[in-house]
1. Longer than 18 Å from Cα to Cα, which of A:390/A:431; A:55/A:246; A:92/A:187; A:368/A:389; A:187/A:253; A:389/A:431 are they? Say none if no pair is.
2. Using a 1.4 Å probe on the protein heavy atoms, what percent of the accessible area of segment A:383-476 belongs to carbon and sulfur?
3. By how many degrees, between 0 and 90 and to the nearest 10, does the Cα long axis of helix A:110-122 differ from the longest principal axis of chain A?
4. Below 8 Å, C-alpha to C-alpha, sequence gap of six or more: please give me the relative contact order for segment A:208-354 in percent.
5. Quick one: with all protein chains in place, what share of the accessible area of segment A:86-240 is carbon or sulfur, to the nearest percent (1.4 Å probe)?
6. Return the sequence-ordered ³J(HN,Hα) values of segment A:125-135 in whole Hz as given by the Karplus equation 6.51 cos²θ - 1.76 cosθ + 1.60 applied to θ = phi - 60°, using x for Gly and Pro.
7. Would you mind telling me the share, in percent, of accessible area of segment A:328-374 contributed by carbon and sulfur at probe 1.4 angstrom?
8. Looking at chain A, what % of its DSSP beta bridges pair antiparallel, to the nearest 5?
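The values are calculated or read from the model by the stated rules, or taken from the named source; none is laboratory data. Here the structure is a predicted model, which means the values were calculated and not measured. Please note: Cβ atoms are built from the backbone with ideal geometry, for glycine as well, and neighbour counts cover all protein chains shown. Note: accessible area is taken over every heavy atom of the protein model, side chains too, but ligands, DNA and RNA are not part of it. Shrake-Rupley method; radii C 1.70, N 1.55, O 1.52, S 1.80 Å.
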Amino acid sequence: MTVRVRIAPSPTGDPHVGTAYVALFNRTWAHKNGGQFLLRIEDTDRVRSTKESEKMIFDSLGWLGLTWDEGPDIGGPFGPYRQSERVETYLKHATGLVEKGAAYYCTCTADRLEAVRKAQAAAKLAPRYDGHCRNLPATEVRKQIDAGAPWVIRLKVASDGECRFKDVVRGEVVFAWDQIDDQILLKSDGWPTYHLANVVDDHLMEITHVIRAEEWISSTPKHIKLYEVFGWEPPVWCHVPLLRNKDRTKISKRKNPTSLRWYEEQGYLPEALVNFLALMGFSMPENREIFTPAEMQEHFHIDRINAGGPVFDMEKLDWVNGQYIRKLPAEELARRLGPFGAAGHDPALVARIVPLIQDRLRVLSDYKDLTAFFFGDALAYEAATLVGKKQTVPDVQGHLRAARETLAATPWDAAALETRLKELAATRNVKVGELFMPVRVAVTGRTATPPLDRTLEVLGRERSLARLDAAIAKLAAPAKAPETP
RNA sequence: GGGCACGUAGGCUAACGGCAGGCCACCAGGUUCUCAGCCUGACAGCGAGGGUUCGAUUCCCUCCGUGCCUACCA
């Protein structure tokens, strides 16, 4: 039997990091077994679903390389893959269940349901549908419907005994059937709820393994009941853990970035984010932390997924991202930096800059800040920054003037610049740092930069000398003088 | 409240019932003109209590903690 799995995101809001997480496990499992990975859009919530959101799901998953074998955009033999285009199917199946006696029409109003819930809460009972319409004669409900009352279809669940199922990640799970509510299958607008649509589609699309988030465990008995009353073979159940915020609650945008677009905009590499996501619950043999999707696929098995909910650790993500950034060939890194500002810069200059910042990029969007001083003429910094803690203004003035003079007479390559500046420090009888730091600040405006010699080299003679002049002028000016580059 | 799930250092994780190991973060050194990177080292853990066993992180029970679900959302 061919392994067929799917993810079924609902297109509401930004594309979620949890979607990518579950997609990764699904896709890896399908491809490891030579099967198919499907993307199905669960847009049965007519109020919240949007086309823009759907598009973003396609784009973000595509960005991550988590491509699908069948889906709304590319089609496939089991389409349509958008639930809004399958509404008649669900209606037909729901009414079929009523005819079989496995489901029933319900005309209870929202007001009544709320009142029932309130009463149950007051009596400290579990909030649950009270079976009002289930117990009414069918003719009575029929009469109300014919009179124009809105109706829904509910699944008949409550009964004795237990619902047991095997979960690949967790082992055997048991629910008492009397804990399970008479779930609404078809809403009053004629559209299905998740539960109905999900089961019908998974069956018709021949899904073999349902790999989904842990939050669905509680609903699984309803789904099993549906498979039972339809007379269908249920899939293999695999509930993977939920990604967590630092406080261990379900990951949420208030407490942690969840939008895949955010990660893209920050300049996390897609392969790094996927690698990091894999680390949340999956582990490679021999403690490997950095690996490709192909390597993961080789060693992956659903039953190796850790069942505990992992805290999404941004610091480790940064580390993983750094690993990937440093591994990139310089030209490739330059290309990837394009959208982060490098596209607007002279390619030849970018090519010289990239090696200087490759070890210093945490995310690609650091590019702008890290390279700002290579562009433009004016530098904005306080004159005081030029003067070290153990230095006096006259000291620094002397260093800068001497450095300016020396550099003006030095061939402009890193090796020569370093040699001459170090000689100068010796001549002036100061530590290298005491000379280098003021020069660094003078030509870059900051105290943390790539090595000074290479920075000077890329910056060029003309610009470097001009900035030294500006720094000397800045120090000569009255203490609180405004910036005059 | 009820149901279910989950507990290995601050975070992610590994370990046929047999010496608890790796990564991130943190800290300390080294490299060095600063920062970053890189190298070395240090710190740090089986939620608690019972039971089974020669032996329990591992199996069982109880407790505790945490999370999810408890919608005509998914």
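1. A:55/A:246; A:368/A:389; A:187/A:253
2. Heavy-atom surface of segment A:383-476 belonging to carbon and sulfur, 1.4 Å probe: 53 percent.
3. 80
4. After rounding, I find 22 percent.
5. 52
6. Karplus-based 3J(HN,Hα) across segment A:125-135 equals 9, 5, x, 7, 4, 8, x, 3, 6, 5, 8 Hz.
7. The C+S portion of the solvent-accessible surface of segment A:328-374 is 56 percent.
8. Antiparallel bridges make up about 55 percent of those DSSP assigns within chain A.
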